[in-house]
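Below is one structure, written out as structure tokens, with a few remarks after it.
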Amino acid sequence: MSPFTISAPATAELDEKGSRFTGHLVPWLEFESTLTDLRETHRKATHHVTAFRRMLPDNRIEEGARDDGEPAGTSGMPTLKVLIGADLVDAGIIIVRYFGGTKLGAGGLARAYAGTALRTIEAATLVPWHRIVSRTISCAFEDMSSLEQRISAADVSVISRDYTDTGVTIVIEGPETAIASIAAEN
């Protein structure tokens, strides 16, 4: 089964015994900048717990979690386990906690962070994950119409078109399978 990723950032909240937990699920490329922004925006928050999973070029998954001052294993790891259970990659989640005055205990913290992660994922639009690649394709002028039709029919973006004396060179970007299909017919 293919893993999933998100099509856009998502947020959700959970209140537990006066503490407020707000989850922010973002694409991997926005993870660090979003964390920086949330730390700035929510300076009075007691914790910014994180978990992420990203696909490496060799198809291994790198994952990590941080408790950010919560007792070890009570926040980051439960959050990461929810990401793993949803089979999400190339995404990260940041859960901002405002302490409400009542201690939740290790089990309560784990349930609250996992619950917030689950609500945040449920609020997101999940899409099948595809490796995004770019490729340069060249063709003669007489083959250009056919190539342009294949590009238009596929879920790819044209990055550039360079015309030469003999034809065109087009740089396209998109899911690896779509790019391979277009290139194979060229």
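The values are calculated or read from the model by the stated rules, or taken from the named source; none is laboratory data. All values derive from a computational prediction rather than experimental measurement. Ideal geometry is used to build each Cβ from the backbone, glycine not excepted, and the neighbour counts take in all protein chains shown.
A few notes on this one:
- Any hit, segment 126-133, residues being surrounded by 15 or more Cβ atoms within 10 Å (Cβ to Cβ), out of contact with any helix residue (DSSP H, G or I) (no Cβ under 7 Å at 6 or more places or on another chain) and part of a loop (DSSP other than H, G, I, E, B): yes
- Listed by position, the strands (runs of 3 or more DSSP E) contained in segment 1-118 that have at least 1 residues being surrounded by fewer than 14 Cβ atoms within 10 Å (Cβ to Cβ) are 10-16, 61-66.
- Which listed residue is free of Cβ contacts under 8 Å to residues at least 60 places away in the same chain, within 25 Å of the chain's Cα centre (by Cα) and within 30 Å of Leu88 (Cα to Cα), from Ala153, Ala110, Ala123: Ala110
- Restricting attention to segment 141-170, the residues being within 18 Å of His130 (Cβ to Cβ) and surrounded by 12 or more Cβ atoms within 10 Å (Cβ to Cβ) number 7.
- Selected residue [at pLDDT below 90 and either more than 30 Å from the chain's Cα centre (by Cα) or within 29 Å of Leu88 (Cα to Cα) (or both)] from Glu185, Glu142: Glu185
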